[in-house]
Amino acid sequence: MVFILGVNFPERNLVKKSLESFFGVGNLSSTRLLARFHIHPTCKVGELANKQVLDITAALSDMKIENDLRRQYLDNIKRLKETGTYRGRRHALGLPVRGQRTRTQTKTANKLNRMERRV
Amino acid sequence: MVSSFCWGCLTRLPPAPRAILPPTLTAQRVASFHSSAALLAPPAKKQNKPVGGKFRQGNSARMKKKKPVERTRPPAVGERKALRKRIILSNPNALEIPGMKEVSEETMVDARLRGSILGLPVPMLDQLRAVQAFKPKQGWSIFRRPGTVVRRETLELGRLIDGISGEGEDKGKVVKKIVTGDRSTGKTVHLLQAMSMAFTKKWVVVTVPEPQDLVTASTAYAPLSDENPNVYVQPEASAALLSRTVAANKQVLSGLTVSREHAGLLKSAVKAGTTLEDLAKMGIQDPAAAWNTFQALWTELNATSPAPGFEKNFKPRPPMLVTVDGIAHWMKESKYNNVDVKPIHAHDLVFVQHFLSLLKPGPSQSSLPNGGVLLYATSASNSPTVYALDVVLKQLAARQAGVSPSSPEFPQPDPYLNADKRVLATIDTSKPVAPKEGIPEIQTLGGLSREEARGFMEYFARSGLLRENITDAWVGEKWSLAGGGVVGELERLGRRLRVTAA
Amino acid sequence: MACPSSNGLVHAMHSLRQTAQLRSFAQRSVLSASAPIRHQQRQPARGYATEVVEETDKTTEKPVAAPEIDFSQFKSTPTRIIPVSGAYFSGSPKFIDHLLKLESILAKYAPLPTVEPTEAPRMAWFKLPQFREVVGEPVATKKYQSLLKILLRLNRIDQKLMPDEVRDALALFTRPGNPYGFQPAPPTVNENGISRAKGKRKEASAVVHLVEGEGEVRVNGKTLVEAFPRVHDRESATWALRCTQRLDKYNVWATVQGGGNTGQAEAVTLAVARALLVHEPALKPVLRKAGVVTVDARRVERKKPGHVKARKMPTWVKR
């Protein structure tokens with residue numbers, strides 16, 4: 001078990017996959033992180049040296065990920081609503097925000113667009 | 001044109017072809033020309049349909065419920081790969097061939113053995129396995145014991161290796177060869193033959209059996225040092241190389257001792273009496289030091305004289321055989337990324353750099369001062385297309401054919417195709433400093449000659465795989481079918497189980 | 001001697017002839033005072049290929065026919081315009097004129113010796129659409145077939161004895177130019193000892209150069225192995241040489257294009273067999289037996305509208 005940014009990962013997991021489990025780290029960011037610390041893409045968590053684990057943790061803690069990013073997300077939506085913009089209204093009504101049709105196929109918008117969006 | 005055949009004789013031909021044609025040909029109207037007629041195909045599977053009696057039933061759109069899948073434990077990590085890479089070298093069902101000769105110092109230069117099969121000595125098999133000379137799909141498992149056919153190139157190689165380790169004028173010569181050829185013309189087996197000869201002559205054999213593994217970003221990498229962060233070292237791969245080398249050359253390495261101090265290694269570990277085997281084992285145990293250890297080992301193996309203080313027990317180093325099977329993978333950008341997320345060129349990997357630098361003449365002395373052979377093979381089945389490498393090989397061939405580099409016929413890279421300059425510079429054919437160092441040559445393997453092919457097919461027949469009368473005509477026919485004696489194709493034809501309808 | 005024609009046609013011709021006779025009779029009686037117009041003189045007595053038997057039956061009626069009217073003697077214009085052809089009212093007068101003319105010629109020269117149909121010179125008769133254009137009338141397929149039959153019968157007359165009249169008549173029905181006149185020279189081995197032949201199969205077409213040698217085979221410059229990865233294809237490509245045991249006596253240089261693996265391999269087979277026949281014509285029976293001389297003319301059948309594939313129909317749906 002290896003701790004990266006306070007999260008425990010089993011040793012058999014891929015490093016890349018593990019990094020992508022953080023909210024806000026996708027394919028691009030994880031590739032960049034791996035390249036920065038010279039970790040090959042098929043590396044397992046168990047194969048990381050201690051220094052590399054620390055490096056990764058430090059790099060991740062500098063990035064805006066997880067709860068910080070979620071909060072930013074919600075703040076942005078809230079700002080739109082409070083300034084009374086059309087986009088804010090659409091969010092509040094649970095309708096598509098970017099001009100999509102509403103006659104059909106608004107499932108995603110119904111599910112996601114609300115004031116307290118789950119992210 | 002006058003035909004060399006007698007017309008009268010031709011009219012009496014029919015009996016012979018009738019013997020060849022399957023007798024059922026007249027009854028069967030389909031597919032009239034080939035020996036593997038539809039008759040010989042496996043019988044069609046019976047379809048499990050209820051026949052007759054039942055009424056037609058309507059199909060409802062409802063999907064059938066999925067049956068719960070029985071999940072067994074997946075095989076352990078690495079087990080499936082081990083199964084895939086498993087190499088079986090013996091088949092007790094095959095007949096033993098009486099009087100089969102083995103690779104030895106005498107047989108490897110004996111021209112009379114051309115076209116016969118030389119067995120690999122049983123004690124050597126472990127060494128050959130250690131350097132991964134056998135590949136899984138080569139069909140060793142159909143014979144009683146592994147053996148290779150002696151062809152023209154084999155004999156040439158045998159003479160070469162004999163000359164380099166002998167006391168004649170060829171002693172200490174360095175021969176650099178790039179082995180190319182079409183698919184399944186025996187390039188890898190040629191390397192195997194070279195290794196078996198080198199082991200017979202007590203050479204040191206260093207091999208890279210899977211160059212691809214170094215560039216697919218599947219082993220760890222790190223910058224070599226702070227001074228040159230753009231060169232990368234691969235510790236695990238280096239350790240693997242060391243362990244291959246040690247396992248295969250245990251006998252030779254344990255007889256040699258360290259001849260100088262090495263900057264990259266712990267001074268306490270490397271003392272005057274340390275054998276090279278122990279030296280190499282340090283690198284295997286600690287992959288982080290593997291590359292430095294390999295460099296130390298390399299310097300030791302290439303040492304011509306001991307440093308002061310190390311004269312005791314110094315023995316002259318044996319010649320070396322260095323083989324790489326599939327260099328095309330090393331001629332393009334690897335899958336590794338540098339800090340700026342740009343792909344690292346394979347030539348920036350220090351491992352690759354080392355082996356490719358051997359193709360160039362050494363700066364002050366020969367690249368292999370104790371003599372030896374470099375055999376770098378290309379692959380026809382598993383190789384990326386690298387335009388620059390094609391050009392390089394063409395240039396080599398042209399130079400060998402006597403075309404001067406300044407003449408207009410000399411192949412030049414197309415300026416619009418962006419040939420990789422680093423690859424173009426890989427092979428340097430300038431005059432080497434050391435007198436015994438050769439310039440890189442290209443060796444193109446083709447098909448076997450008819451006589452060699454006959455010997456090869458007889459081997460199949462005597463192993464009990466082939467139930468045919470091996471005649472010249474039959475061999476000639478197979479020789480043509482195998483695209484002019486391509487050895488892999490001959491093997492496919494030989495092992496194909498034939499059920500003659502007669 | 002009777003021309004073998006379909007029953008329906010025979011009946012049609014009978015009625016036509018009878019009406020023609022009747023009409024000429026009527027012309028003679030009714031229009032006796034009419035003036036002549038310039039026209040072709042018609043044959044007064046016809047020998048019908050189909051009517052020999054009947055004519056012998058009607059010998060008693062024959063003398064009743066009135067003497068022929070000489071239209072040139074008429075001084076005044078006729079009250080009614082007389083059609084030139086007796087078949088004017090039949091709908092396709094020109095065609096019937098042609099038919100009757102040919103029949104009369106056939107009747108005239110029937111006794112001449114004939115040759116077997118295979119030995120008669122091959123003639124390029126008009127195709128039906130062309131013939132329709134030439135006569136400018138609708139001609140039924142069946143009727144044209146009966147005309148062709150007569151033509152073929154006339155064509156069978158021994159060439160040495162064929163009268164010019166027949167020759168001219170036949171020439172009227174041949175297409176301009178002579179598509180069958182050009183006989184390509186039989187292929188030979190050239191001065192370098194190379195024979196060249198072509199072969200086709202499916203969508204592939206191959207050109208093979210065959211020369212005596214050691215059994216090297218190159219397809220599009222590649223070795224046999226590279227060109228045909230499947231052993232089956234390799235075997236079929238060299239089958240002509242193999243079944244004659246010539247595989248190590250000739251070198252093959254083949255260029256093949258189009259189609260897939262099988263098509264290319266078997267196109268090469270055919271071409272090799274043909275090229276081999278140029279070198280050694282005596283091998284033909286062997287090659288024929290091996291099945292490499294016969295051209296496989298099958299091609300992929302086209303897809304049709306309304307079908308799912310060439311023949312397959314959509315599933316039947318009630319409503």
For segment C:93-171, just run the numbers: alpha carbon Rg, then divide by 2.2 N^0.38 Å, N being how many residues it has. 1.09
In degrees, nearest 10, range 0 to 90: what is the angle between the Cα axis of helix A:66-82 and the longest Cα principal axis of chain A? 20 degrees
To the nearest 10 degrees, the tilt of helix B:290-301 (Cα long axis) against the first principal axis of the alpha carbons of chain B is 80 degrees
With the 1.4 Å probe rolled over protein heavy atoms, the protein assembly as shown has an accessible area per residue in Å² of 57 Å²
Segment C:224-305 -> Rg/Rh from Cα coords, Kirkwood Rh, value 1.02
Excluding residues fewer than 8 places away in the same chain, name every one of the aspartates and glutamates whose C-alpha is closer than 17 Å to that of A:LYS78. A:ASP68, A:GLU116
Segment B:320-426: equivalent-ellipsoid semi-axes (sqrt of 5 x gyration tensor eigenvalues, Cα, Å): 23, 21, 14
Relative frequency of Cα-Cα separations exceeding 25 Å in segment B:203-421, percent: 46 percent
For the protein assembly as shown, place one equal point scatterer on every Cα, skip the solvent, and apply the Debye formula. What is log10 of I(q)/I(0) at q = 0.10 Å⁻¹? -1.27
Value of relative contact order over chain B, rounded to a whole percent, pairs C-alpha under 8 Å and six or more apart: 17 percent
Shielding by partners for B:479-490, please: the mean number of other protein chain Cβ atoms within 10 Å of each residue's Cβ. 6
Fraction of beta bridges assigned by DSSP in chain B that are antiparallel (%, nearest 5): 25 percent
Counting only pairs 8 or more residues apart or on different chains, how many lysine pairs in segment B:136-224 have their Cα atoms under 25 Å apart? 15
Chain A - percent relative contact order, Cα under 8 Å, separation 6 or more: 20 percent
Only Lys, Arg (+1) and Asp, Glu (-1) charged, at Cβ; the protein assembly as shown dipole about Cα centre in debye: 5920 debye
Just for segment B:203-421, what percent of DSSP beta bridges are antiparallel, to the closest 5? 30 percent
Qualifying lysines (Cα of each under 22 Å from Cα of C:LYS149; at least 8 residues distant if same chain): C:LYS94, C:LYS101, C:LYS108, C:LYS127, C:LYS160
Extent of chain B along each principal axis, from alpha carbon coordinates, in Å, largest to smallest? 91, 76, 55
Could you calculate, for segment B:218-275, the ratio of the Cα radius of gyration to the Kirkwood radius, expressed as Rg to Rh? 1.05
Computed over segment A:2-63, the relative contact order (Cα-Cα under 8 Å, seq sep at least six) in percent reads 44 percent
Considering only protein heavy atoms and a 1.4 Å probe, what is the carbon-and-sulfur percentage of the accessible area of the protein assembly as shown? 54 percent
Excluding same-chain residues fewer than 8 positions from C:LYS249, which lysines have a Cα within less than 22 Å of its Cα? B:LYS478, C:LYS198, C:LYS222, C:LYS284, C:LYS289
So if the hydrodynamic radius of segment A:67-112 is defined as the Kirkwood radius over C-alpha pairs, what does Stokes-Einstein give as its diffusion coefficient at 25 °C and 0.890 mPa s, in µm² per second? 220 µm²/s
How big, on average over all directions, is the shadow cast by the Cα convex hull of segment C:181-220, in nm²? 4.5 nm²
Equivalent-ellipsoid semi-axes (√(5λ), Cα gyration tensor) for segment B:254-373, whole Å, largest first? 29, 19, 12
What's the angle, to the nearest 10 degrees (0 to 90), between helix B:152-165's Cα axis and the longest principal axis of chain B? 20 degrees
Output row A,B: buried area (accessible, probe 1.4 Å, summed both chains) in Å², nearest hundred, equals 800 Å²
Rounded to the nearest 5, what % of the DSSP beta bridges within the protein assembly as shown are antiparallel ones? 50 percent
Note down the Stokes-Einstein diffusion coefficient of segment C:160-247 in µm²/s, whole number, using a Kirkwood radius over alpha carbon pairs, 20 °C, and 1.002 mPa s. 124 µm²/s
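The values are calculated or read from the model by the stated rules, or taken from the named source; none is laboratory data. From a predicted model like this one, the values you see are computed outputs, not experimental measurements. Positions of Cβ are backbone-derived with ideal geometry, glycine not excepted, and every protein chain shown enters the neighbour counts. For accessibility, only protein heavy atoms count, side chains too; no ligands or nucleic acids. Shrake-Rupley method; radii C 1.70, N 1.55, O 1.52, S 1.80 Å.
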